[in-house]
1. Only one of Arg334, Arg344 is within 29 Å of Ser216 (Cβ to Cβ), of a type in the set (D, E, K, R) and at pLDDT 85 or above; which?
2. Being over 19 Å from the mean Cα position of the chain (by Cα) and among the acidic types (Asp, Glu) is the requirement here; does Glu104 meet it?
3. Which is assigned to a helix (DSSP H, G or I) and within 30 Å of Asn381 (Cα to Cα), of Ala108, Ala73?
4. Within the stretch 162-205, which residues are in contact with a Ser or Thr (Cβ under 8 Å, 6 or more places away or on another chain), surrounded by 13 or more Cβ atoms within 10 Å (Cβ to Cβ) and either over 28 Å from Val69 (Cβ atoms) or charged (D, E, K, R) (or both)?
5. Find the residue count for the stretch 313-333, including only residues that are without any contact (Cβ under 8 Å) to a residue 60 or more places away in the chain and not in a strand (DSSP E or B).
6. What are the pairs, 6+ residues apart or on separate chains, where a residue within the stretch 225-245 that is in the same structural domain as His281 (by TED's automatic domain parsing) and in a loop (DSSP other than H, G, I, E, B) has its Cβ under 6 Å from a residue that is modelled with pLDDT of 95 or more and among the charged types (D, E, K, R)?
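The values are calculated or read from the model by the stated rules, or taken from the named source; none is laboratory data. Just so it is clear, the model here is predicted, and its values are computed rather than measured. All Cβ positions, even for glycine, are placed from backbone atoms using ideal geometry, and neighbour counts span all protein chains on display.
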Amino acid sequence: MESLIEKYEGKLIEANLVDEGKALFGAVNVKPVWNRSDRRTATLARLLDDLSIVTIICAEPAEPYRSMVKHIAASSGDCVKPHDNETRTFLHDIPVVGGLTSLELKSALSHRKGAVSKEGIVIATGTVSPEQAYVTFSSICFAFYVKYLGDYLLRAREGNITRREQNIFRKIVQKIPEGPKGDVRLMRAPFESEQKVLRAIEEAGAKTVHSGLVDSSFGNISYRYGGILYISQTGCPLDELAGHIDPCPLDGSSCVAITASSELPAHLTIVTENPVSAVLHGHPKFSVIMSLLCEKADCNQRGTRCHHCPEVRYIEGIPIVAGDVGAGLRGIHRAVQPLMAKHRGVVVYGHGVFSTGRYDFNEAYDEMARIENTCRNRYFNATDVS
C-alpha cells in the first residue's frame, strides 16, 4: 500500500494538482498507513474507520486551483454544483464543510466521494484503492477550475463584475500555464502490426497528458486496424495504457468490449462511418468551459436540460453538441457522428473534445490542441484580460 500511496502522491504533484509535500495521503493496510506525520491524521483515521473507504487524500491544491477553490467555497452554501459532465455523472455535487472536523466530514463523505472546506482544502476518498481518491481529487479540482472561469465569463458578459473581483481574477489567471502546443510528433502510419498499433495508442495517450492538453483520468483513445477497434479500457489513465487496451472486433463477435471505455459506442460509430482510423477523446479545460456558454436568449433548455439540447452551436467554426455517455437514445455517438463528415473535431457540451486522424494520431492530437487553443483565446478575449 505504501508504494501505491507514493505513486499517486507523485501523480498529484506531476499533474500540478498539489505542491510537493502538501498532500496528506492515507490508506488502510490492516491498519492506516500515512505518507507523513500530520496533526490531521487522527481525524482522518476516524473517517477510515467510520466510513466504507480504504483511502483518503487531504490537501490544499496547487495554484491556480487553490485560489479558484477558495474563492468558490468561501462564497458557497453547503454544496457546489458545477455543470461539467464529470461532476454531473461522477460527483453529482461537491459538499462544502465549515472545517475539518470528523463530524462535518463524516456527514459530507457519507454520501459523496469528496468535499471541500471553506478554507479551500480538498478531501477525496476511495472505497477500493488510492487511485480512486486520486481520480476524485483530480475531478474536484477540474470542476472548480471550470466553474470559476465559466461563472466569471458569464457575469462579465452581463456587466456584473466588481473591480475587486476583476483584480482577483487577473491575479488568478496569471497563474494559469500556457496553452498546449500543436505539431507534437507522434508515430506515423502505416502500422504493420498489432504491436505497433498498441505502441501508437500508448504514445498518443501519454503525449496528450504530458503536454498538459488533458488530465490523465479524463479521456479515452482508439485506433481501427483491420476489422478491430483497439480502445482504452474504462477508467484507465491515458498515460498508463500499456496492458489496458481492448481489441473489439467491429462485427461484435467478441465480448471483450465489456471492459472497454464507456465511450465505445461513439468511437465505433466514428470509425465505421467515416474514413478515419484514430479517435482521441479528452476534456481540455477551455473547450469544456466554452461549451457551457450559450448566448441564445430565452432558451427553454437552459439549466439542467442543456446536456440534452438538440441544437448545434459553433465557436469559430468548431461545432458544439450535447449528448450522454453510452449507447442510449441521447448518446454522444448520435450527436457527434453527423458532424464528423465535415469536421475533424467536435466539442460535446460540458464533456470535452472528440478529434480524429485519417491515418494516425498526429491529426487527432493537432486538432484537439487547435480546438483548445481557439477556445482559450476566445475566453481571454471575452474576459478582456490585459
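1. Arg344
2. It is true that Glu104 is over 19 Å from the mean Cα position of the chain (by Cα) and among the acidic types (Asp, Glu).
3. From the options Ala108, Ala73, the qualifying one is Ala73.
4. Selection gives Lys175, Val184, Ala189, Ile201.
5. Here the count works out to 6.
6. Leu241/Glu202; Ala242/Glu202
Rundown of residues vs (1) surrounded by fewer than 16 Cβ atoms within 10 Å (Cβ to Cβ); (2) part of a helix (DSSP H, G or I); (3) out of contact with any helix residue (DSSP H, G or I) (no Cβ under 8 Å at 6 or more places or on another chain); (4) of a type in the set (Asp, Glu), yes/no style:
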{"residue": "Cys58", "(1), (2), (3), (4)": "no, no, no, no"}
{"residue": "Pro82", "(1), (2), (3), (4)": "no, no, no, no"}
{"residue": "Thr87", "(1), (2), (3), (4)": "no, yes, no, no"}
{"residue": "Glu104", "(1), (2), (3), (4)": "no, yes, yes, yes"}
{"residue": "Glu131", "(1), (2), (3), (4)": "no, yes, no, yes"}
{"residue": "Leu153", "(1), (2), (3), (4)": "no, yes, no, no"}
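Each row is one residue, and each column tells you yes or no for (1) touching a helix residue (DSSP H, G or I) at 6+ places or on another chain (Cβ under 7 Å); (2) among the aliphatic types (A, V, I, L, M).
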position: Asn167; (1), (2): no, no
position: Glu192; (1), (2): no, no
position: Val209; (1), (2): no, yes
position: Thr234; (1), (2): yes, no
